[in-house]
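Throughout, read-outs are computed from the coordinates displayed, never taken from laboratory work. Not measured: the values here are computed from a predicted model. Glycine gets a Cβ as well: all are built from the backbone with ideal geometry, and neighbour counts include every protein chain shown.
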Amino acid sequence: MKLVVTGGAGYIGSVVTSQLLDEGHRVTVVDDLSTGHRDAVPEGAEFVQARIHECGELLAQSGFDGVLHFAAKSLVSESVRAPELYWENNVSGTLALLEAVRAAGIPRLVFSSTAATYGEPQVSPITEETPAVPVNSYGSSKLAVDAMLSSYSRAHGIAATSLRYFNVGGARGRFGERHSPETHLIPNLLRVAAGLEESAKIFGTDYDTPDGTALRDYLHVTDLGRAHLLALETSVPGTHRIVNLGTGNGYTVRQVLDTCRAVTGQPIPAEEHPRRPGDPTSLVASNQRARELLGWEPELSLEQIVADAWAFMRSAESS
Ligand code: UFG
């Protein structure tokens, strides 16, 4: 297929672009490089530096078979501080992109949605029927796009899939996580293992979990990427599917810390801090729908996620 990947210079977008190219697809990456890196765009992809608001001409020209839409603002705390960025980029930008998709008659779209759409659910595991009640503008902006896609697919026949990511980690060779600032747990712990920071922070030790720290469902980025290829292949015209992507297993912050210590062989000193505002106690996915609709199942363990993230971090440091 001939595909557009928005956000293909970012972490997940670059990994999925590399997987699409390996499967023989042709890929045009659109990225404004506001947070992405030009050198993260895999060789073999065409690159267009543009905002998603400005894709009309590009999409009209080239007979694309589909769009994978990753480009977004994605920091929860920033979304609380500056919600306008989230409505402008994630909602206005996606509306403009969808209009370009509709005008060009592109038949399918896969969208990066998030577990943040569920807010602070009281159930575990979380199914797609769990009420979506976001607690920050990041989650609200992604949920707004999910609603947009439902109405566009119904009215205009687009085959749309919203993939609700839980906690993504790991790397695929030279494609991995390079956020600045880094807020995610695994890269933060590995920065301490690598000697880039003195000690790690554990945010919250009074949660209602076995060891008091927050529980998350960690998914390897290549397992996540495979789901995108399957979503493209199985998509249904005129239908919008919402699908959770997670392993169904939860790990606490302390368990992740222990795994990072074991994989790296480093002590990783850690200090206890108060809860980070807005962090839910537990987010664990039911992946039954992903198994049924996409024929997908996760294959890689938390150990593999950490090992691949660690290998990526060390190679990035030495280059
Ligand atoms: N944490 C620490 N120390 C750190 C970093 C994180 O203890 O240095 C804790 C957090 O407080 C949280 C857990 O580790 O309890 C996981 O935090 P991450 O920042 O790695 O991931 P989040 O669960 O906060 O965020 C992820 C995605 C978001 C998405 C969210 C859904 O990165 O985009 O899941 O709730 F919105």
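Tabulated data for the structure shown
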| quantity | calculated |
| --- | --- |
| Where Rh is the Kirkwood radius over Cα pairs, Rg/Rh for the chain | 0.95 |
| Summed side-chain charge close to Ser301 - residues other than Ser301 whose Cβ falls under 12 Å, Lys, Arg +1, Asp, Glu -1 | -4 |
| Shape of segment 40-103, Cα gyration tensor, a/c cut at 1.5 | oblate |
| Packing-based exposure ordering (other Cβ within 10 Å, fewest first) of Val110, Val16 | Val110, Val16 |
| Net +/- balance of residues flanking Arg26 in space, Cβ distance below 12 Å, scoring K and R +1, D and E -1 | -2 |
| C-alpha center-to-center spacing [segment 1-15, segment 72-92] in angstrom | 20 Å |
| Cα centroid separation, segment 271-319 to segment 204-225 (Å) | 8 Å |
| Computed magnitude of the charge dipole of segment 177-262 (debye, nearest 20; Cβ of K, R +1, Cβ of D, E -1) | 200 debye |
| Spin-label pair Leu95/Thr205, simplified geometry with 7 Å Cα→Cβ offset, distance in nm | 4.7 nm |
| Neighbourhood charge, 15 Å Cβ-Cβ cut-off, centred on Pro237 and excluding it, Lys, Arg +1 and Asp, Glu -1 | +2 |
| Proximal lysines to Lys142, defined as alpha-carbon separation beneath 27 angstrom and excluding residues fewer than eight positions away on the same chain | Lys2, Lys73 |
| Net dipole in debye of segment 136-279 [+1 Lys, Arg Cβ; -1 Asp, Glu Cβ; about Cα centre; nearest 20] | 560 debye |
| Debye, to nearest 20: dipole size of segment 2-109, +1 on Lys, Arg Cβ, -1 on Asp, Glu Cβ | 200 debye |
